[in-house]
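**Q** Just dropping this structure here.
Just so it is clear, none of the values below were taken in a lab; they were calculated from the coordinates. Computed from a predicted model, the values in this text were never measured in an experiment. Every residue, glycine as well, gets a Cβ built from its backbone with ideal geometry; the counts of neighbours run over all protein chains shown.
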Amino acid sequence: MKLGFLTGIMGDIPIEEKIEWAHQIGFEALEVSCWPKDNDRDYSGSDIDVVNLDEAYALRLNEHLGKNNIEITTLGYYDNNLDNDLDKRKKYNNHLLKVIDAASLLRIKNVGTFIGRDMTLSIEDNFPLMEKVFTPILEYAKAKNINIIIENCSMPGWHRSGWAGTISYSPELWDEMFARLPFDNFGLNYDPSHLLWLGVDYIQALKDYKNKIFAVHAKDTEIFPEKLKYYSILGKQLRREHCWDFGFWRHRMPGKGNIDWDKFIGALKEIGYDDELVIEHEDLEYQDTLELVKEGLDLGYKFLKNKI
């Protein structure tokens, strides 16, 4: 398995510098953040300008990657592809197509995204909309030999009451998603950290969906059982400090939470997964400065390297 990280967390420094730093630490892979430059999403990044990407820059970037023994395995753009605001939905869908174009030009295998949700509809009623929106996207990606991979975050921060802001966060919903969109270039960017706080068996689900695991995010979650008893499984409802403040859990660097990494990596090997393991850094303890971000990523790398 190759270790990597999602690049947006390092801020606006050039992607070339991120590649060089990744090589110095020992990383071999990157998932590159490809949001539009004009966006207000948390944890976003615009490390490749997919709208203006041309063959000359693609060649230079691939040469730089080769010199540093780094592979870009995924271009990441995670937004609400089913937004009930039709102008926003069109904007998000069109940018996703640009990311697919960029992946094709750069010879990258995966594009990571969310399904999203029309918040005016129930989760069940979102599935016909998903078919309508994603069928042409998947056909477009398939023609370019690109996989579309869905990260299983529930995005509670998108919902005013902290309920699911996407329709692809649990095995029940994956079954419906894959039944309605039976494309062989459609799979999961599997992240155990969300499944843990949602109460899903992240080891069993990994085994059950082994044929749809196209990439893996390495992120941990720390659970506070006593706080869970106070806030309930619905989480903190009053005086949240930020949209991820649910009171009884928080995301951490690998090794600092409750994920059993020995079992998880053992299960990855059991199902024959030998691709990238990408750190998605959302640990607030290591975010205030670039140096802290680097420290967190370095800690995550060393922990996972010892495990694989």
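**Q** What is the projected area of the convex hull of the Cα atoms of the stretch 2-307, averaged over all directions, in nm²?
**A** Computed as one quarter of the Cα hull surface, the answer is 14.9 nm².
**Q** I would also like to ask the following. Taking amide H positions as placed in the peptide plane 1.01 Å from N, state which residues far from ILE72 in sequence (5 or more) or on other chains have amide H under 5 Å from it.
**A** LEU30
**Q** Let me ask something additional. Between GLU124 and LYS302, what is the label-point separation in nm under the 7 Å Cα-to-beta-carbon projection?
**A** Calculated label separation equals 5.2 nm.
**Q** Here is a further query. Exceeding 31 Å between C-alpha atoms, which entries from my cross-link table qualify? They are LYS142/LYS263; LYS109/LYS219; LYS88/LYS269; LYS109/LYS294; LYS109/LYS207.
**A** Over 31 Å apart, Cα to Cα: LYS142/LYS263; LYS88/LYS269.
**Q** State the extension gain, in nm to one decimal, for the chain segment bounded by GLU20 and ARG180, taking 0.36 nm per residue of separation less the distance between their alpha-carbons.
**A** Fully extending the segment from GLU20 to ARG180 adds 53.4 nm.
**Q** How much length would be gained if the chain were fully extended between LYS207 and ARG41, taking 0.36 nm per residue of separation minus their Cα-Cα distance, in nm to one decimal?
**A** Once the chain is fully extended between LYS207 and ARG41, it gains 56.5 nm.
**Q** For the stretch 2-307, build the charge dipole from Cβ charges (+1 Lys, Arg; -1 Asp, Glu) around the Cα centre, then report which of SER33, THR113, HIS23 sits farthest towards its positive end.
**A** THR113
**Q** Now for a separate question. How large is the Kirkwood hydrodynamic radius of the stretch 28-180, in angstrom, based on all distinct alpha carbon pairs?
**A** Final number for the Kirkwood radius of the stretch 28-180 is 16.1 Å.
**Q** Which FRET efficiency value, to the nearest 0.05, is calculated for HIS159 and GLU63 with the Förster distance at 30 angstrom and r the Cβ-Cβ distance?
**A** 0.10
**Q** How large is ³J(HN,Hα), in whole Hz, for each residue of the stretch 56-64 in order, when computed from phi with the Karplus curve 6.51 cos²θ - 1.76 cosθ + 1.60 and θ = phi - 60°, using x for Gly and Pro?
**A** Each residue's phi maps through the Karplus curve to give 5, 5, 4, 5, 5, 5, 5, 5, 5 Hz.
**Q** R0 = 25 Å: FRET efficiency of ASP274 with GLU139, Cβ-based, nearest 0.05?
**A** 0.30
**Q** Hey, if you put +1 on the Cβ of every Lys and Arg and -1 on every Asp and Glu Cβ in the chain, which of ASN126, GLY296, LEU6 ends up farthest toward the positive end of that dipole?
**A** In the chain, that residue is ASN126.
**Q** Can you give me the distance in nm between label points at LYS2 and LYS294, each placed 7 Å from the Cα along the Cα-to-Cβ direction?
**A** Roughly 2.3 nm, to one decimal.
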